[in-house]
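Here's the structure, in structure tokens; my notes come after.
Rule-based calculations on the coordinates, nothing more; no lab input. Note that the structure is a prediction, hence the values are computed from the model and not measured. FYI the Cβ positions are ideal-geometry reconstructions off the backbone, even for glycines, and counts take in every protein chain you see.
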Amino acid sequence: MENPTNANRLANLQMRRGMSRREFFEYQFEGARGSLETMRKYIDIQDKEMLDIGCGYGGASTFFAINGLRVTAVDNQSYEDGFLADAINFAIEKEVGITFCFSDAHKLPFKTNSIDIIRLDSVLEHLETPETVLAECRRVLKTGGLLFISFPLFYSPYGGHTVDYLKIPWLHTLPSTWVRRLLRQHKSKPGMITTDYVEKLYLSLNKMTLKRYKRIIKEVSLEEISYEEAFYMPHDAVLFFSLFKKSIRCRSFNGLKQAFIHYNFTSVLIFAFLFFLYRLPVRRISALNEIIVSGIRSVLRC
């Protein structure tokens, strides 16, 4: 289970991630700690060749490089300009050596059987043809190499990547014209995560489902050695419940008051209901699993 202090720190970073590219880098950097712990369960990471596909601003890539991996960070974001130059500068500031590569994951410019570890974190759901990308991953992985994948399911409560503006669960499953209209009714927040940014993010989704994912990994002959379902709790809910529990423990009425003042209580109630739903046995039913489980974490072997 994640340390509550680390969870709170990550939630705070998540709240600020849209203020600037540097804030987003720091959020990625901190969030990579959990990924590294998972990797260490399956492989000795020291001096291993790693591809971090969909690196964004390179925060996670930088963290991995600091901790002993030889990292090549790959991305070709179509909805942001100049992101890779910033990623390179952030890595230089941390004094780590990373190879940054502007490339299409559908045709990786790497030799067959050359990579020890590949990471696809919140990437698979944005790919035009995920079947092709996973086949490419299998090609470049060494025999016995590992592929670490995590992504939100499209039909999950907030699988549309619109939660920064649309707090009602499953709203993103409405026709896309409706979703875009609802987004544009909101005033953009200061910083990077504007309604236009979120709309582009939403339009990039391929509506990945668990059923489709399982079919793809079978088709490309990747062996799944670990599978875990996840419940993603948004940052404001994490911080609300943390402050709420602390106030109860300390018997602080002022703390309780602050919790209700600073966070949208309606949103928090929705998240509490979703968590309760997630804990019910009904999510084991295949059809309901797709709409209740937030996302998955999977480890595949070549």
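For the listed residue pairs Lys48/Lys211; Lys94/Lys200; Lys142/Lys200; Lys48/Lys207; Lys167/Lys200, the alpha carbons are over 23 angstrom apart in Lys48/Lys211; Lys94/Lys200; Lys142/Lys200; Lys48/Lys207.
Enclosing the Cα atoms of segment 61-101 in their convex hull gives a volume equal to 57 cubic angstrom per residue.
Evaluated with a Cβ-only charge set (Lys, Arg +1; Asp, Glu -1), segment 44-128 carries a dipole of roughly 280 debye about its Cα centre, given to the nearest 20.
According to the Cα-based calculation, Rg over Rh for segment 162-204 is 0.92, with Rh computed by the Kirkwood formula. Across segment 204-214, rounded Karplus estimates of 3J(HN,Hα) from the backbone phi angles (6.51 cos²θ - 1.76 cosθ + 1.60, θ = phi - 60°) give 7, 6, 9, 6, 5, 10, 5, 4, 5, 4, 4 Hz, Gly and Pro being marked x. Over all directions, the projected convex hull of the C-alpha atoms in segment 47-168 averages 8.3 nm² in area.
Within straight-line reach of Lys218, meaning a Cα separation under 18 Å, sit the following aspartates and glutamates at least 8 residues removed in sequence or on another chain: Glu125, Glu131, Glu136, Glu228.
How are the alpha carbon pair distances in segment 29-105 distributed across 5 Å bins from zero to the largest one, expressed in percent? Per 5 Å bin, starting at 0, the Cα pair percentages come out as 3, 17, 29, 25, 16, 8, 2, 0.
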